[in-house]
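Only the coordinates and a few stated rules stand behind these numbers; no lab work does. Note that the structure is predicted; figures quoted are calculated from it, not measured. Positions of Cβ are generated from backbone atoms using ideal geometry, with glycine treated the same way; all protein chains shown enter the neighbour counts.
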């Protein structure tokens with residue numbers, strides 16, 4: 001199954017490392033560098049340096065210092081809930097390790113309290129996604145032997161098998177498949193914490209990855225990106241164009257901030273939340289000058305005599321077309337060109353007598369320019385809810401909120 005690559009969010013602002021977040025949480029809980037150092041079994045100098053390194057990298061003060069201890073600054077208070085959410089994801093990953101293993105390997109307990117090298121996490125996540133130490137090394141900019149060494153050390157620390165070696169690839173074990181999603185979400189929360197702190201200063205910064213489904217790619221999303229970058233030029237925005245299953249996988253683990261496009265309704269996963277922004281129906285689209293343009297009314301029997309270009313089976317559009325034909329006792333043509341590419345779909349229709357079904361919003365410019373035409377035929381029941389899909393019980397980062405709000409403004413005008 002295609003999924004969004006992990007490096008989708010590994011660019012942009014200075015990140016907080018996992019061990020730094022653990023130290024931050026311990027100092028916050030104890031209210032004292034000295035007490036935190038004792039709890040972490042580290043020297044006071046080491047803990048002090050970790051906090052100073054974080055503050056220097058961020059350019060923000062996380063704690064106010066007093067003679068009797070420390071207290072969170074406004075920036076530290078902003079970071080705290082995200083750091084706590086990251087720790088909670090590590091604890092969720094712990095559930096996939098047998099209790100007997102946790103008792104036998106004390107280092108495993110430290111791992112799930114965020115006492116782990118980011119280098120080890122990088123290797124685990126990259127290897128789980130690429131199924132190859134060599135490919136993981138290329139993704140991380142290190143050698144395959146360095147990846148293998150990190151995986152070996154992590155496996156010895158956890159007491160669980162991370163990968164099964166086959167002749168073709170590294171196959172993640174059940175633990176790796178389940179744990180990686182929570183570990184990536186933990187890192188995503190730390191990234192959001194940095195962006196939240198930046199927003200306190202009055203500047204929205206950060207990186208947004210939006211999963212775009214076909215309906216929104218030609219008008220709504222491009223206009224939203226243009227508008228939000230005009231207001232917030234320090235944002236970095238990336239789009240991910242994959243089948244729905246790949247995008248929802250990316251959303252779950254934090255590689256994608258939100259999805260924009262046709263909603264799934266009852267078919268949506270329980271751990272995601274859908275927000276409907278508008279409804280839009282389909283139209284029969286042909287090239288300008290198509291023989292059927294002069295027919296009034298257009299009959300379904302006439303449409304079926306021409307070649308069709310449609311999205312793949314399983315998509316909301318294809319399902320509605322099949323239902324529409326079934327109500328009329330008709331079947332889809334035997335030979336259909338299937339494509340997920342709007343560019344190919346549009347090109348086939350513009351340069352031949354092929355027929356397709358699209359939203360008028362998707363081809364508005366082509367309709368206005370006289371390159372395409374919408375036939376006068378009623379398509380009841382083809383309306384689709386269009387909107388945002390986000391992780392349930394999660395809050396978008398300031399950067400993602402800015403883009404989502406601009407999408408809401410544009411769709412409100414269209415609606």
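Annotations for the structure displayed:
- Relative to the dominant Cα principal axis of the chain, helix 398-414 is inclined by about 20°.
- Considering only beta bridges that DSSP places wholly inside segment 282-382, some 60 percent are antiparallel.
- Rounded, prolate or oblate (a/c below 1.5 giving rounded, otherwise prolate when a/b exceeds b/c) for segment 166-302 by Cα gyration tensor: oblate
- Remark: spin-label model distance residue 153-residue 168 equals 3.2 nm, labels positioned 7 Å along the Cα→Cβ axis.
- Residue 360-residue 55 FRET efficiency (beta carbon distance; Förster radius 45 Å; 0.05 resolution): 0.25
- Calculation over all alpha carbon pairs of segment 200-278 in 10 angstrom steps from 0 returns a P(r) of 16, 47, 30, 7, 0 percent.
- 0 to 90° range, to nearest 10: angle between helix 44-58 axis and the chain longest Cα axis: 30 degrees
- Over the chain, relative contact order from alpha-carbon pairs under 8 Å, at least 6 apart, %: 18 percent
- Considering only 149, 224, 179, the Gaussian network model of the chain with Cα springs below 10 Å gives its largest mean-square fluctuation to 149.
- Axis of helix 174-200 versus longest Cα principal axis of the chain: the two differ by about 90°, to the nearest ten degrees.
- Fewest-first ranking of 357, 350, using other Cβ atoms within 10 Å as the exposure measure: 350, 357
- Here 49, 327, 92 are placed in order of increasing Cβ neighbour count within 10 Å, fewest first, which gives 327, 49, 92.
- A convex hull fitted to the Cα coordinates of the chain yields 169 cubic angstrom per residue.
- Residue 201 paired with residue 230, simple spin-label distance in nm, labels 7 Å along Cα-to-beta-carbon: 2.6 nm
- Rg to Rh quotient for segment 300-381, alpha carbon positions, Kirkwood Rh: 0.93
- The chain - mean residue ellipticity at 222 nm from DSSP helices (-39,500 (n - 2.57) per run, n ≥ 4, rounded to 500): -15000 deg cm²/dmol
- Ranked by how many other Cβ atoms sit within 10 Å of their own Cβ, fewest first, the residues 312, 182, 232 fall in the order 312, 232, 182.
- Segment 383-402-segment 112-165 distance, computed between alpha-carbon centres (Å): 32 Å
- Rounded to the nearest 5, the antiparallel percentage of DSSP beta bridges internal to the chain is 65%.
- Inter-centroid distance (Cα atoms) of segment 343-369 relative to segment 43-93, Å: 54 Å
- Note on the chain: with a GNM built from Cα contacts shorter than 10 Å, the maximum mean-square fluctuation among 323, 84, 192 falls on 323.
- Considering every alpha-carbon pair of segment 105-165, the percent of pairs per 10 Å bin, from zero through the bin containing the longest distance, is 25, 54, 20, 1.
- Dividing the Cα radius of gyration of segment 6-183 by its Kirkwood radius returns 1.01 for Rg/Rh.
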